[in-house]
């Protein structure tokens, strides 16, 4: 029992200290590292409650993947730029929030202590936690029987998240970019400098409007291809392979 | 009241949750706000595991498993949104992002 109390106190102190660090540090990198401390503390508390599999997953997914993702984004934006995102919150809002947080904390702790060691609800009959098997086996049995539909929805969710992340962060061809951040322009611009005279046609709204009013091209279909020019002047006609190459370079 | 038990875990989770909630509202840096959301999710996870122990039910740990997956997906999409916004506006903190305000 004394070992349990000692473990709880040490891990709990790490958790609370890390949580305070996330809120109080100014530098986003320090925030992320404090978050790691909290996540490790929670993993230790999982082990103390015999949730070994969840503790491993906690370390691998949270500390190993999520926090690294945070650090990637901080480094991508630049630490100075990420730090400059902070505005001074209004003092009134800060005061009210801290008061509200204190009320939330005191209220929930009071309720918990008043309830003592009891919990509403009934002990499980069909899926007991101490059913004799290891926790991985019990968890796997629950996920692949009772929760199998939720598990499959989870797979769909992850796919949607990956596709969404790609769509959100991808820049379409011809979209404006921040020239202060990338003084050389896009990869397509750099490629164009090395390959002059092979511009990729980028359709944009103004161009479309011009075409509709163009008397020489009443259908708005763009320049008609002259069939006789095909073999006679290969230098004028752009080779087919070059366009797909251009598209790849622009992305 | 002061003997060691599962309610200690619940109290600790309440403390972490309150810190995360306050941080979410006080800080204006979208990255730090996301970290505060992660704190709150972890506090809830701790509560689920503690209740699973208290009621001798594997359901608590199962829910934590799903919360972990959803948290990972949420962080991926959220950080992608932040990167997409930062590409267009250099100094966008959470107060400036009011385009969708009704």
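Where a number appears in this text, it was derived from the coordinates with a stated rule and is not lab data. From a predicted model like this one, the values you see are computed outputs, not experimental measurements. Glycine gets a Cβ as well: all are built from the backbone with ideal geometry, and neighbour counts include every protein chain shown.
Measuring r between the beta carbons of residue A:72 and residue A:123 and using R0 = 30 Å, the FRET efficiency lands at 0.10. Packing around the peptides B:49-61, A:3-15, taken as the average count of other Cβ atoms within 10 Å per residue, puts them in this order, highest first: B:49-61, A:3-15. When Rg and Dmax are taken over the Cα atoms of region A:1-86, they come to 14.7, 49 Å. Considering helices alone, the calculated mean residue ellipticity of chain B at 222 nm is -27000 deg cm²/dmol, with DSSP H runs of length four and up weighted by -39500 (n - 2.57) and normalised per residue. Length gained on full extension, residue A:25 to residue A:99: 24.6 nm, using 0.36 nm per residue less the C-alpha separation. Site pair residue A:166 and residue A:193 shows an inter-label distance of 3.0 nm when each label is modelled 7 Å from Cα along Cα→Cβ. Here the simple spin-label model places points 7 Å from the Cα toward Cβ, and for residue B:81 and residue A:91 these points are separated by 3.2 nm. One compactness figure for region B:6-88 is 1.26, namely its Cα radius of gyration divided by 2.2 N^0.38 Å.
Residue by residue along A:25-32, Cβ atoms of other protein chains within 10 Å of the local Cβ number 2 on average. Taking all Cα pairs closer than 8 Å and separated by 6 or more residues, the relative contact order of chain B comes to 27 percent. Can you give the relative contact order of region A:1-86 as a percent, counting alpha carbon pairs under 8 Å and 6+ residues apart? About 29 percent, as a whole number. Which residues in region B:28-42 have a backbone N closer than 20 Å to a point placed 7 Å from the Cα of residue A:81 along the Cα-to-Cβ line? So the set is B:28-35. Shielding value for A:43-54 is 5, the average number of Cβ atoms from other chains within 10 Å of each residue's Cβ.
For the pair residue A:65 and residue A:141, what calculated FRET efficiency results from E = 1/(1 + (r/R0)^6), where r is the Cβ-Cβ distance and R0 = 25 Å, to the nearest 0.05? That gives a FRET efficiency of 0.45. Peptide A:63-75 is shielded by partner chain Cβ atoms: per residue, an average of 3 of them sit within 10 Å of its Cβ. Once the Cβ-Cβ distance of residue A:148 and residue B:70 is raised to the sixth power relative to R0 = 25 Å, the FRET efficiency obtained is 0.90.
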